[in-house]
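To start, the structure under review is shown below, and the notes come after it.
The values are calculated or read from the model by the stated rules, or taken from the named source; none is laboratory data. As the structure is a computational prediction, the values presented were derived from the model and not from experiment. All Cβ positions, glycine included, derive from the backbone under ideal geometry; neighbour counts span all protein chains shown. Just the protein is used for accessible areas: all its heavy atoms, side chains included, with ligands, DNA and RNA removed. Shrake-Rupley method; radii C 1.70, N 1.55, O 1.52, S 1.80 Å.
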Amino acid sequence: MLISHTVGTDVLQVTLHSDLDVTNRAAVALQIQALVQAHRPARVVIELPVADPTPATLSALARTHRMCASLGIHLSLGGASPRTHRLLDVNSA
């Protein structure tokens, strides 16, 4: 299992259980997209397994960030380093 999620009042919490590689980044991005479309939360929080994720994880997060921005949904990251926040231009959880 690559991700798990919980849904609260207007918040979708997604936990990545491991850093991604090129073989699973697209699958994770699509899973998160499906969750966002199904629940339409006001906020998405993604908990990262490491502070400085792999480029593949950053790619999936960037895709999620663009999708959330286009829908007007706030995205924040938990467990990410300040560098990761700057790279993706998102807030901390």
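A simple charge model with +1 on the Cβ of Lys and Arg, -1 on the Cβ of Asp and Glu and nothing else charged puts the dipole of the chain at about 220 debye relative to its Cα centre.
Taking the convex hull of the Cα atoms, report for the stretch 1-75 its projected area averaged over all directions, in nm².
Numbers: hull surface 17.5 nm².
If I average the Cα hull's projected area over directions, I get 4.4 nm².
Each residue of the stretch 35-45 is assigned a 3J(HN,Hα), and the resulting list reads 5, 5, 5, 6, 9, 6, x, 7, 8, 10, 10 Hz, derived from the Karplus form 6.51 cos²θ - 1.76 cosθ + 1.60 (θ = phi - 60°), x at Gly and Pro. Placing dummy labels 7 Å off each Cα toward the beta-carbon, the span from residue 74 to residue 11 is 1.0 nm.
I want the local charge near residue 56. Using Cβ-Cβ distances under 9 Å, sum +1 for each Lys or Arg and -1 for each Asp or Glu among the other residues. Display every interim value, and only then the final one.
On the way: positive: 25; negative: 19, 21.
Spelling it out: positives minus negatives among the neighbours equals -1.
Less than 5 angstrom separates the built amide H of residue 47 from those of 14, 15, 16, 78, all sequence-distant by 5 or more or on a different chain. When you restrict to C-alpha pairs under 8 Å that are six or more residues apart and normalise by the size of the chain, the relative contact order lands at 28 percent. Which of 34, 46, 93 sits closest to the plus end of the dipole of the chain, meaning its Cα is farthest towards the positive end, when Lys and Arg get +1 and Asp and Glu get -1 on the C-beta? After comparing all options, I get 34. Taking amide H atoms as placed 1.01 Å from N in the peptide plane, the amide H of residue 92 lies under 5 Å from those of 77, each 5 or more residues away in sequence or on another chain. With the simple spin-label model, which puts each label point 7 Å out from Cα in the Cβ direction, the residue 27 to residue 85 separation comes to 3.2 nm.
Per residue, how much accessible area does the stretch 13-93 show when a 1.4 Å probe rolls over the protein heavy atoms, in square angstrom?
Details: 4020 Å² over 81 residues.
Per residue, the stretch 13-93 has 50 Å² of solvent-accessible surface.
Of the solvent-accessible surface of the stretch 12-91, computed with a 1.4 Å probe and all protein chains present, 53% belongs to carbon and sulfur.
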